[in-house]
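Data first, discussion second: the structure below is written as structure tokens.
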Amino acid sequence: MIRLIRHLRFTGRQSVRTSRISYGGTAAVVTSTALVSGLGAANATTSVIVSALLVAALADNLTDALSIHIYQESEQLDEREAFTGTVSNFFARFLLCVSFAILVGLFPQAVAARAAIAWGAVLLAALTYLVARERRANPWLEIVKHLVVASAVILASTVIGYWVSAILG
């Protein structure tokens, strides 16, 4: 993993612009992990969880991409730069959401939930590491902070799933 992170870093110029994927990547990872955990706690079937992930991959990502694009236009960002950022954000989110759908489809539900949390933690840590290094911040402190926030979201989603299941049976 560290080799991949080092490879993605700079070679005189950035090979991957983290600013183009950081928002979408973070949102996709945390949302996907929360969906898998929350829907699993609500006793949703594998097909329901995969459907929710694919709907998020398409609908939620398109609306976020459009929102980012409109924001960039309002900031009078260069049109080509705004378009490139929008497309990069969409594809980063889409691919990450699909990776969670594949995990859920491949494993039994109890294993898939744990695998999704582990996969999400690895992805979030890697993205946080890249951003922190770019900012010259302590990457390990940033990783801990971001994982704590993501854990709170996952925990809240799981509690909501159990609560809905208990209320609606």
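The values are calculated or read from the model by the stated rules, or taken from the named source; none is laboratory data. Fair warning: this is a prediction, and the values are worked out from it, not measured in the lab. Backbone-built Cβ (ideal geometry, glycine too); neighbour counts: all protein chains shown.
Taking segment 65-80, which residues are hydrophobic (A, V, I, L, M, F, W, C) and surrounded by 13 or more Cβ atoms within 10 Å (Cβ to Cβ)? Walk me through it before giving the result.
Here is the first cut: in segment 65-80, the ones hydrophobic (A, V, I, L, M, F, W, C) are 65-66, 68, 70, 77.
Ala65, Ile68, Leu77 - these are the residues of segment 65-80 that are hydrophobic (A, V, I, L, M, F, W, C) and surrounded by 13 or more Cβ atoms within 10 Å (Cβ to Cβ).
Which members of segment 126-148 meet the condition of being out of contact with any Leu (no Cβ under 9 Å at 6 or more places or on another chain) and free of Cβ contacts under 8 Å to residues at least 24 places away in the same chain? Once the filter is applied, which keeps residues that are out of contact with any Leu (no Cβ under 9 Å at 6 or more places or on another chain) and free of Cβ contacts under 8 Å to residues at least 24 places away in the same chain, segment 126-148 yields Arg135, Arg136, Ala137, Asn138, Trp140, Leu141, Glu142, Val144, Lys145, Val148. Inclusion of Ile143 among residues that are assigned to a helix (DSSP H, G or I), at pLDDT 95 or above, of a type outside the set (Gly, Ala, Ser) and under 18 Å from Val48 (Cβ atoms) is not warranted. Here the condition is being part of a helix (DSSP H, G or I) and either touching a residue at least 40 places away in the same chain (Cβ under 8 Å) or loosely packed, with under 13 Cβ neighbours inside 10 Å (or both); of Leu123, Leu62, it holds for Leu123 alone.
Quick one: in segment 112-140, of everything that is over 22 Å from Val36 (Cβ atoms) and in contact with a Ser or Thr (Cβ under 8 Å, 6 or more places away or on another chain), which residue is modelled with the highest pLDDT?
Within segment 112-140, the first condition is being over 22 Å from Val36 (Cβ atoms), and the residues that meet it are 129-140.
Among the residues that remain, those that are also in contact with a Ser or Thr (Cβ under 8 Å, 6 or more places away or on another chain) are: 130-131, 134, 139.
Details: Leu130: 91, Val131: 90, Glu134: 88, Pro139: 94.
Looking at residues that are over 22 Å from Val36 (Cβ atoms) and in contact with a Ser or Thr (Cβ under 8 Å, 6 or more places away or on another chain), I get Pro139.
Considering Val16, Val29, the condition of being closer than 24 Å to Ala121 by Cα and either at pLDDT 85 or above or in contact with a strand residue (DSSP E or B) (Cβ under 8 Å, 6 or more places away or on another chain) (or both) is satisfied by Val29 alone.
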